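Notes follow the structure.
The values are calculated or read from the model by the stated rules, or taken from the named source; none is laboratory data. Keep in mind that this is a model prediction, so the values were computed, not measured. Cβ placement follows ideal geometry from the backbone for every residue including glycine, while neighbour counts extend to all protein chains displayed. What goes into the accessible areas is simple: the full protein's heavy atoms, side chains included, and nothing from ligands, DNA or RNA. Shrake-Rupley method; radii C 1.70, N 1.55, O 1.52, S 1.80 Å.
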Amino acid sequence: MWALLWKDVRLELRTKERVSSLFVLALLIVLVFVFALSPEQAQGAEVSAALLWVTLLFAGMLSLQRAFLIEQERGCLSGLLLCPFDPSTLFLAKFLGNVLFLTLVELVVTPLSLLLLGVQWSWALLALPLVLLLGIVGFSALGTLFAAITVRTRAREVLLPLMLLPLLVPLLIAAVKVTGALLAGTEWSGVWLRVLLAFDVIFVVTGWLIFAQVVRE
Amino acid sequence: MKKFAPFADNILPWLTCLTMLTALAAVFLYVPNEQVQGAPQRIFYFHLPAAWNTFLGFFIVAGASASYLWQGDRFSDLLAQAAAEVGMLFCTLVLITGSIWARPIWGVWWTWDPRLTMVAILWTIYAAYVLLRVLAGDNELIARYAAVLGIVGVLDIPILYVAVRLWRGIHPKVERMAPEMAWTLLVCTGAFLCLFAWLLWLRLRSLKLQDEIAALRREALTSS
């Protein structure tokens, strides 16, 4: 599994395609939102939180589109599957790769967006990375599963968001609620964190279990 | 499928007709007006059974999908597809009847009540499923993908329910019902279940025929 992950990481280190394009795209989405809303409107804690997560979802979708594309175009997926390991290992590698790339992008994009949106510094913001990570894990788990599905269909660009977005609604609601409270510095209930955590656990396990069925030839 | 065919072809249509007529009579002639809401409340007798059918559709899709992934039989696949399409139809009905009811009672066509939101999201999941079948074409690979979506979709429901419920809430809860109302609801539920089964059967049969046509065409092509 680590070898598979390392392969993707090394590929990325050489081209830097995915992270750099993701980074610029995420920044552009934030800018587009601010232009659409006017800077004053975009500065509330709730709106900022919504903006952060919508950015993450759409930028993440792009990252997922690419996750299996290289293997698919060169026909390497079949080669990988011929290797003597469980297909679920491939799922874990791809999933961790997505988590890694998205985390890297968010490490830069989030502070920058908060700066652009004029969010006041407070110690509560220190909990933000944890929330982001929980969100990224859930997103990547479902995303990796469906990216593997859509990469082998026609109309893959449309189908991935179409299948993924409705299923991600609980994650989005919970993440935006926690983030909004953190940005505003108000009280928030741990129940949203539990929803996030439950989402992560359910779909990492489901993805891991069901992935073999997806890639079976 | 064969064992069920005589019943579904000969009895089910009549049963659906009969129960549906009884349901209509019960809703419009038998049951009294609800005290607070008046006449608009009568749409509830169609609304609730349709909502149950929506969930029923989801569980049939998930069950058939799981069975397809494990056994790979064509029938489970067709059943899942038919159930998704019929389920989506009922989901649409829930949204429409709910909207018609909400206008006089809440004063708006739509509001972000948790159950409304939930049904709307379920509708998009159904839509994604049906679109996957339509856009991606029909082969064994897509069938397997659709099955994965069916299973993941049903796993999403409980967590979606919790999230949307915590998010906000004004949906009316039914506390106590007059016996006439309970009877009417029961008849309507029966009628809608029959309708569901019948539609499912019709769709299943047409999918099966499509399969046979495709097989015949292949045969003709190879022999000529």
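Given the conditions (1) touching a residue at least 12 places away in the same chain (Cβ under 8 Å); (2) over 30 Å from A:Phe139 (Cα atoms), report the number of the one that B:Leu160 does not fulfil.
Among (1) touching a residue at least 12 places away in the same chain (Cβ under 8 Å); (2) over 30 Å from A:Phe139 (Cα atoms), the lone unmet condition for B:Leu160 is (2).
Here is a check on your reading of the model: is B:Leu149 in contact with a helix residue (DSSP H, G or I) (Cβ under 8 Å, 6 or more places away or on another chain), assigned to a helix (DSSP H, G or I), within 14 Å of another protein chain (Cβ to nearest Cβ) and under 30 Å from A:Asp200 (Cβ atoms)?
Considered against the rule, which asks whether it is in contact with a helix residue (DSSP H, G or I) (Cβ under 8 Å, 6 or more places away or on another chain), assigned to a helix (DSSP H, G or I), within 14 Å of another protein chain (Cβ to nearest Cβ) and under 30 Å from A:Asp200 (Cβ atoms), B:Leu149 comes out as yes.
Consider only pairs whose beta carbons are under 6 Å apart and that are at least six residues apart or on different chains; among these, list those whose first residue lies in segment A:45-60 and is hydroxyl-bearing (Ser, Thr, Tyr) and whose second residue is open to solvent by less than 10 Å² (accessible area, probe 1.4 Å).
A:Ser48/A:Leu117; A:Thr55/A:Ala26; A:Thr55/A:Val30
Which of the following residues is crowded, with 19+ Cβ neighbours inside 10 Å and farther than 21 Å from A:Met163 by Cβ: B:Leu202, B:Leu122, B:Leu185?
The match here is B:Leu185.
Quick one: what pairs do we get from segment A:94-121, first residue over 15 Å from A:Pro39 (Cα atoms), second of a type in the set (S, T, N, Q) and surrounded by 14 or more Cβ atoms within 10 Å (Cβ to Cβ), C-beta under 6 Å, 6+ apart or different chains?
These pairs meet every condition: A:Lys94/A:Thr144; A:Phe95/A:Ser140; A:Phe95/A:Thr144; A:Asn98/A:Ser140; A:Asn98/A:Thr144; A:Val99/A:Ser140; A:Phe101/A:Ser63.
Could you grab me the full set of residues in segment A:178-199 that are closer than 25 Å to B:Leu149 by Cβ, more than 10 Å from every other protein chain (Cβ to nearest Cβ) and surrounded by 21 or more Cβ atoms within 10 Å (Cβ to Cβ)?
Selection gives nothing.
Filter segment A:124-177 down to the residues that are hydrophobic (A, V, I, L, M, F, W, C), surrounded by fewer than 18 Cβ atoms within 10 Å (Cβ to Cβ) and away from every other protein chain (no Cβ under 12 Å) and list them by number.
A:Ala124, A:Leu125, A:Leu126, A:Ala127, A:Leu130, A:Leu133, listed by residue number.
Could you please give the count of residues in segment A:32-43 that are in contact with a helix residue (DSSP H, G or I) (Cβ under 8 Å, 6 or more places away or on another chain) and either in contact (Cβ under 8 Å) with a residue 60 or more places away in the chain or within 22 Å of A:Thr186 (Cα to Cα) (or both)?
Of the residues in segment A:32-43, 3 are in contact with a helix residue (DSSP H, G or I) (Cβ under 8 Å, 6 or more places away or on another chain) and either in contact (Cβ under 8 Å) with a residue 60 or more places away in the chain or within 22 Å of A:Thr186 (Cα to Cα) (or both).
What number of residues within segment B:61-87 are open to solvent by less than 40 Å² (accessible area, probe 1.4 Å) and over 19 Å from A:Gln213 (Cβ atoms)?
The qualifying residues number 4.
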